[in-house]
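Colleague: My questions all concern the structure below.
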Amino acid sequence: MKEIDMNLAFGFSIRRVGDKDMFKFPSFPEIVVAVDKDEMSEADIIARAERLVKHALQVRLDYNRDIPSGDCSKAKDIEYCVRMSPLVTTKVLLYLECRKNGWSKAQIARHLDVTPTTAARILDLFHESRTEVLAYAASRMGKALDATISLVPAVEHAEK
């Protein structure tokens, strides 16, 4: 049985559209946000891009939509890569497992033997869940968390 493996590193660029600089995410065409790149540091641009992707992912979780796999290594015409945190990645993996099982939000709470509030927090990308809670949720799904963590550049430029 194939395990779910997800690379949540997404490419983006900033393109001039009319008189505005706009974020452009190949994996998230729904993100339409202007940025003043002359007024922001590179770190601020990356932080804002990370928040935008996190919001886009949360909407997909909330509405039971597909999650794109990371595109930094294959997307063309990108300038930067933004990587989701291990916490966000873990929550997305748990969401994908629930979705694979066809569980509704109420069924998630029942299967995990937690309150509906706790189940909602497990799939809330903005809630700072403890690793133990996420590991417990995975174990209730018959899974275990397996993490490979490495240090990578904080700002990753796409290879040209």
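Colleague: Any idea how many residues of the range 45-74 are in contact (Cβ under 8 Å) with a residue 40 or more places away in the chain and β-branched (V, I, T)?
Modeller: Here the count works out to 3.
Colleague: Now for a separate question. Open to solvent by 50 Å² or more (accessible area, probe 1.4 Å), over 20 Å from the mean Cα position of the chain (by Cα), touching a residue at least 60 places away in the same chain (Cβ under 8 Å) and more than 30 Å from S139 (Cα to Cα): which single residue out of D77, D19, D38 fits that description?
Modeller: D77
Colleague: Further, regarding this structure: Can you tell me which residues in the range 131-154 are surrounded by 12 or more Cβ atoms within 10 Å (Cβ to Cβ) and β-branched (V, I, T)?
Modeller: Residues satisfying the conditions are T131, V133.
Colleague: Out of curiosity, is A144 touching a helix residue (DSSP H, G or I) at 6+ places or on another chain (Cβ under 9 Å) and small (G, A, S)?
Modeller: Yes.
Colleague: Now for a different question. Of everything in the range 115-130 that's without any contact (Cβ under 8 Å) to a residue 24 or more places away in the chain and farther than 19 Å from R60 by Cβ, which residue is most open to solvent (accessible area, probe 1.4 Å)?
Modeller: Only one residue tops the list, namely R130.
Colleague: Considering L96, L145, L134, which residue is in contact (Cβ under 8 Å) with a residue 24 or more places away in the chain, under 25 Å from P26 (Cβ atoms) and among the aliphatic types (A, V, I, L, M)?
Modeller: L96
Colleague: If W103 passes every condition in (1) open to solvent by 10 Å² or more (accessible area, probe 1.4 Å); (2) among the hydrophobic types (A, V, I, L, M, F, W, C); (3) assigned to a loop (DSSP other than H, G, I, E, B); (4) within 22 Å of F28 (Cα to Cα) but one, which one does it miss?
Modeller: Result: W103 fails condition (4) only.
The values are calculated or read from the model by the stated rules, or taken from the named source; none is laboratory data. This is a predicted model, so every value here is computed, not measured. Backbone-built Cβ (ideal geometry, glycine too); neighbour counts: all protein chains shown. For accessibility, only protein heavy atoms count, side chains too; no ligands or nucleic acids. Shrake-Rupley method; radii C 1.70, N 1.55, O 1.52, S 1.80 Å.
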